[in-house]
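Working notes, beginning with the structure itself.
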DNA sequence: GAGGTCCGGGG
DNA sequence: GTGTACGGACCTC
């Protein structure tokens, strides 16, 4: 008979020293099935320059199955060579075998995980569907139905099987004055949330104490029973996904340790595999066979597109779901509520946390992109949460197999050392970032190359497999880095081929998206195109990543050098053919200053420039990206702009900031507020003087002590016992004071302390105080600290490039009394005498014509009258034009 | 700015 | 499990 399954997980077990592959999957009806397959053996390749026959003889003597095959070595363009394919019996013995055969030559693919060896060979991919021929059979080794396979084939089904999600959150009780440690401190509650409902429940809280009966709560007589109940429910519900918030780093390791301590069953995966964490030097990663562990925290934190100030569940739930956690005054309150048997709040707190983690994953569709990454790359979903390297490796393995190319081993310590040394001497030169013309500018166009590196790889056939290392008489392209690659006519590189497929598919998917009306299907398509984009963009990094299996520094350097050449040429081409100036450029984008004010006109001008450049650059496409009506650039990678982009034909504006942090953990909200205010004034009103005034007003408010304490408090966490801190830090000193004042508050490790700096003669760090304490005692804050450490440092650079020095910004602050500054006016300077130290343009006051650079004789070409420098709305002389030219 | 170190989330 | 985290912020020189 045949069954069809969606692949959730894959591993193997040994039976009589032989491996049996297990594929855990789900049928369209929602049945969990484990497919057993015993016809697959571990193997790898050996390349040697010695006599093949004698080595074969030697290997056969050791009871190994050997065969001579033709394979291509991927680094450097070359023809296939003879290799020995060595087939073993037990995958776990492969490292031994690999070490043994190293004396005969170079092994290939001898460190590919057995499950992936199998999946690649049968062309199977995580979350994809398989059609299996075979029969159901009885087994006790897995907890679901078992199916003995004769034949396994991939099939194309777009839908997902019905999947089940379980969210888990534990609460524990620190017994002593320290963070909860699993070898000593008990778990008091386990909260579970189900999707779909389990026996009519959408959630349940397990409590390790007998208490009054309540719906949605299961009382257990002790912690051991609590763990047993948990085990029972997980197996009954049989989830495909086990979800949590920071579950990888906290809940799971803690649970496992407690189960060990209390000697309860721990195999809550779908097989009886017992230790279900991989022990790694510094970290254990939970792994449940047959299920997928999903840590919402991990996924949200790693999203490169959305950044949050903090990643605790409270902040994330509020920002992403608009929901609040149940308020709890830290671990101390948990202990207190538990001791006083006041469980109502504690239960709702636990219940809410599991619910929030579940909602994040399901409502925010956190898994969509990973489903697609698994389907495209071939990784199991569980492994798709990791880094880019594994994804590329897996994709390459699939293509390499088709093309009879072998995958090199991962680098060992010696190889890594060598690469590190090579890097130091030889280096990997990155992208080109041009020195910007700092200051405030108007009417700036942003054009950029869409996927520059992937396009370059495709266009120039850049790949380890096409790199020409010796002088063969063959058709090739020489790159600006002086490396040579054979042309596509000779052999299409694997990276170019993969990228071509990824990019073409992405175009197709995006077109499908446009005509798709079903929002559900559209969402899946969108996840797919995002996954394709992620994969295309990470291809370049693979050749330059130090632990890469295809580490070829020359290739990484070739790509970046092509990038640098492209952007340099682009700038030149634009400035030579259009009356504009390229203000700044980073990697694949150019910022162009124009004299056009109308948005639509600017856009079509931008398009005209990009078309012009694109025409002269085969394989590459420069695109109009957006307009900055005003653009303030401080330095490389640090700028702000008032952006205008079209959305369905309408202009949408936004104040954007890149590299300028307005929000930082170690800044108080007053700092963030004033930075935002200043940048907005400068960008939207073009009024630097007004912005400076806004700063002076804040300084005056600080001096008068009228700024609310909430705006001045800084938050820092106590992460370790106080005696372990070396230097003196404000929040640590405050912690000491707090304990001195209130000895019952011993458990301060792990708490986040809020503090303000107050006036006094002591060292700064000794003057940190709790805001509530400051209010109670009527203490005064230290304005000098806030001005010098919180207000001025982030603002100085902004005003500096706008031509206002920090002494001007603080003008008179030290000499005059505060009231005088508050009321006083700056002396008036006639426009002709204004001194500027940067300029935007040169203007003629007579005909109002403006130029980008001064004329040679300093006179207006039409009126023959002296020209003036214009900057941020004022006209005047320039202090030292050579600096800014 | 290069290089080294600490830290995150969780209770 | 054919294994051995990671990326960013911060500090120091």
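Which of the residues belonging to region A:342-363 are touching a residue at least 24 places away in the same chain (Cβ under 8 Å) and out of contact with any helix residue (DSSP H, G or I) (no Cβ under 6 Å at 6 or more places or on another chain)? Outline the logic, then answer.
Filtering region A:342-363 down to residues touching a residue at least 24 places away in the same chain (Cβ under 8 Å) leaves A:343, A:346-347, A:349-363.
If the condition is that a residue be touching a residue at least 24 places away in the same chain (Cβ under 8 Å) and out of contact with any helix residue (DSSP H, G or I) (no Cβ under 6 Å at 6 or more places or on another chain), then A:343, A:347, A:349, A:350, A:351, A:352, A:353, A:354, A:355, A:358, A:362, A:363 are the ones that fit.
Take residue A:415 and tell me if it is surrounded by fewer than 16 Cβ atoms within 10 Å (Cβ to Cβ), in a helix (DSSP H, G or I) and away from DNA strand C (no atom under 16 Å from the Cβ). No.
Filtering region A:609-632 to residues that are in a helix (DSSP H, G or I) and either under 14 Å from residue A:651 (Cβ atoms) or touching a residue at least 24 places away in the same chain (Cβ under 8 Å) (or both) leaves A:609, A:610, A:612, A:613. A search for C-beta distances below 6 Å between a residue of region A:306-318 that is touching a residue at least 12 places away in the same chain (Cβ under 8 Å) and any residue that is within 9 Å of DNA strand B (Cβ to nearest atom) and part of a helix (DSSP H, G or I), counting only pairs 6+ apart in sequence or on different chains, returns A:311/A:301.
Of all positions in region A:662-678, at least one carries a residue that is buried (at least 19 other Cβ atoms within 10 Å of the Cβ) and either modelled with pLDDT of 90 or more or on the phi > 0 side of the Ramachandran plot (or both). For residue A:135, the criteria (1) more than 30 Å from residue A:366 (Cβ to Cβ); (2) away from DNA strand C (no atom under 16 Å from the Cβ); (3) buried (at least 21 other Cβ atoms within 10 Å of the Cβ) hold in every case but one, which is (3).
Counting only residues that are out of contact with any helix residue (DSSP H, G or I) (no Cβ under 7 Å at 6 or more places or on another chain) and within 29 Å of residue A:79 (Cα to Cα), which one in region A:11-43 is nearest to DNA strand C (Cβ to nearest atom)?
Applying the first criterion (out of contact with any helix residue (DSSP H, G or I) (no Cβ under 7 Å at 6 or more places or on another chain)) to region A:11-43 yields A:13-18, A:20, A:22-39, A:41, A:43.
Filter again for within 29 Å of residue A:79 (Cα to Cα), leaving A:41, A:43.
Values: A:41: 8, A:43: 6 Å.
Ranking the candidates gives A:43 first.
Whether any residue in region A:641-654 is away from DNA strand C (no atom under 16 Å from the Cβ), closer than 24 Å to residue A:589 by Cα, assigned to a loop (DSSP other than H, G, I, E, B) and out of contact with any strand residue (DSSP E or B) (no Cβ under 6 Å at 6 or more places or on another chain) is what I want to check. Give the derivation first.
Here is the first cut: in region A:641-654, the ones away from DNA strand C (no atom under 16 Å from the Cβ) are A:641-654.
Next, only the ones that are closer than 24 Å to residue A:589 by Cα stay: A:641-654.
Those still in the list that are assigned to a loop (DSSP other than H, G, I, E, B) too: A:648-649.
Restricting the remaining residues to those that are out of contact with any strand residue (DSSP E or B) (no Cβ under 6 Å at 6 or more places or on another chain) gives A:648-649.
For region A:641-654, residues away from DNA strand C (no atom under 16 Å from the Cβ), closer than 24 Å to residue A:589 by Cα, assigned to a loop (DSSP other than H, G, I, E, B) and out of contact with any strand residue (DSSP E or B) (no Cβ under 6 Å at 6 or more places or on another chain): present.
The residue list A:429, A:404 contains one member that is touching a residue at least 24 places away in the same chain (Cβ under 8 Å), surrounded by fewer than 16 Cβ atoms within 10 Å (Cβ to Cβ) and within 24 Å of the chain's Cα centre (by Cα), which is A:429. Being crowded, with 16+ Cβ neighbours inside 10 Å, in a helix (DSSP H, G or I) and either touching a residue at least 40 places away in the same chain (Cβ under 8 Å) or out of contact with any strand residue (DSSP E or B) (no Cβ under 6 Å at 6 or more places or on another chain) (or both) is a property that does not hold for residue A:192.
So is residue A:86 in a strand (DSSP E or B), within 16 Å of DNA strand C (Cβ to nearest atom) and either touching a helix residue (DSSP H, G or I) at 6+ places or on another chain (Cβ under 9 Å) or closer than 30 Å to residue A:744 by Cα (or both) or not? Reasoning before the result, please.
Numbers: in a strand (DSSP E or B): yes; within 16 Å of DNA strand C (Cβ to nearest atom): yes; either touching a helix residue (DSSP H, G or I) at 6+ places or on another chain (Cβ under 9 Å) or closer than 30 Å to residue A:744 by Cα (or both): yes.
So residue A:86 passes the test.
Would you be able to say whether some residue in region A:595-612 is on the phi > 0 side of the Ramachandran plot and under 32 Å from the mean Cα position of the chain (by Cα)? No, that holds for no residue.
One residue stands out in region A:67-100 among those that are more than 39 Å from the chain's Cα centre (by Cα) and surrounded by 22 or more Cβ atoms within 10 Å (Cβ to Cβ): the one that is farthest from DNA strand B (Cβ to nearest atom), namely A:84.
The values are calculated or read from the model by the stated rules, or taken from the named source; none is laboratory data. This structure is a prediction, so every number in the text was calculated from the model and none was measured. All Cβ positions, even for glycine, are placed from backbone atoms using ideal geometry, and neighbour counts span all protein chains on display.
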